[in-house]
Amino acid sequence: MACVTNAEELYQKYQPQNTTRSRESTQWSISYSYNSCDTKTPRVLLIGDSICNGYQSAVIKLLKEKMNVTYWVSSRCVTERDYFRELNLVLGARDYNIISFNNGLHSFGTNLAEWETAYQGAVQFIKAKCPNAKLFICNCTPLKDPAYTAKSKQLNAITQRIAEKEHCPVIDLFSLMDPLDRNEYWKDACHFKQPATEKQAQKIVETILAP
């Protein structure tokens, strides 16, 4: 079994206790698990937001007959207790061999100290609940607006520190995307056209399958 069962104990230990973040007026959460009855093929869990929702289908195609894919994408920030409730459910739903974890673009208005504490708590929660899964930190992508790209870069500096503390390899989508032409590869302020999502999927698959 890849995931342990003492969910409530872990949940109470790692979820954020006190944060000043306000919920967004509209929140969403989507989860799909493909080939869910197949327990013999290795399984990867992709965690993220709408950027992850953009590249998940390309990841599925690239991993066909190699790994099954589950993904959970949400607008929630790690500083929200609801985030940990949903994360808890997703982690306990399947056994995972690899987990790619991202959170950040919905956190631009969040207190950075609170976000760092909650983010590290989420990483530790994933590691504690799924100790046999290899955990990758997937950093935040750049945006069209240079000011928002600077904020993404700031979050990535924090996640890099956490990745080093927790000994998690990083999937660096920021460096992959940042040199690209914003008009050619972005379809709006933060989301990407298909050629860009395919590049992201290729980077993820190459990283998680590397020996």
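The values are calculated or read from the model by the stated rules, or taken from the named source; none is laboratory data. Remember, it's a predicted structure, so these values are computed and weren't measured experimentally. Cβ: placed from backbone, ideal geometry, glycine included. Neighbour counts: every protein chain shown. Heads up: the accessible areas ignore ligands, DNA and RNA and are worked out on the full protein's heavy atoms, side chains in. Shrake-Rupley method; radii C 1.70, N 1.55, O 1.52, S 1.80 Å.
Okay, here's what the table says:
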{"read-out": "Cβ-Cβ FRET estimate between E24 and S175, R0 fixed at 25 Å, reported to 0.05", "value": "0.35"}
{"read-out": "Answer label, with Rg and Dmax of the Cα atoms in Å calculated from the coordinates and candidates (i) 16.2, 48; (ii) 20.4, 82; (iii) 17.4, 55", "value": "(i)"}
{"read-out": "Phi to ³J(HN,Hα) by Karplus 6.51 cos²θ - 1.76 cosθ + 1.60 over region 133-148, Hz, x for Gly, Pro", "value": "8, 7, 9, 10, 8, 9, 7, 7, 7, x, 10, 5, 6, x, 5, 6"}
{"read-out": "Förster radius 35 Å - calculated FRET efficiency between T39 and F108, Cβ distance, rounded to 0.05", "value": "0.35"}
{"read-out": "Residue-wise HN-Hα coupling along region 153-170, computed from phi with Karplus coefficients 6.51, -1.76, 1.60 (Hz; x: Gly, Pro)", "value": "5, 5, 5, 5, 5, 5, 5, 4, 4, 5, 4, 5, 4, 8, 6, 10, x, 10"}
{"read-out": "Computed label-point distance, nm, for sites R182 and K165 using a 7 Å Cα→Cβ extension", "value": "3.2 nm"}
{"read-out": "Which of W115, V78, I99, positive extreme of dipole for region 38-121 (C-beta unit charges)", "value": "I99"}
{"read-out": "Residue with peak Gaussian network fluctuation, the chain [Cα springs, cutoff 10 Å], from N18, N102, N53", "value": "N18"}
{"read-out": "Accessible carbon and sulfur surface of the chain relative to its total accessible area, %, 1.4 Å", "value": "49 percent"}
{"read-out": "Solvent-accessible surface (1.4 angstrom probe) belonging to E9, in square angstrom, nearest 10", "value": "130 Å²"}
{"read-out": "Region 1-119 - accessible surface per residue (Å², probe 1.4 Å)", "value": "49 Å²"}
{"read-out": "Backbone N within region 74-101 under 12 Å of label point (7 Å from Y32 Cα along the Cβ vector)", "value": "none"}
{"read-out": "Of K64/K129; K40/K203; K40/K144; K64/K153; K40/K193, those spanning more than 30 Å from alpha-carbon to alpha-carbon", "value": "K40/K144; K64/K153; K40/K193"}
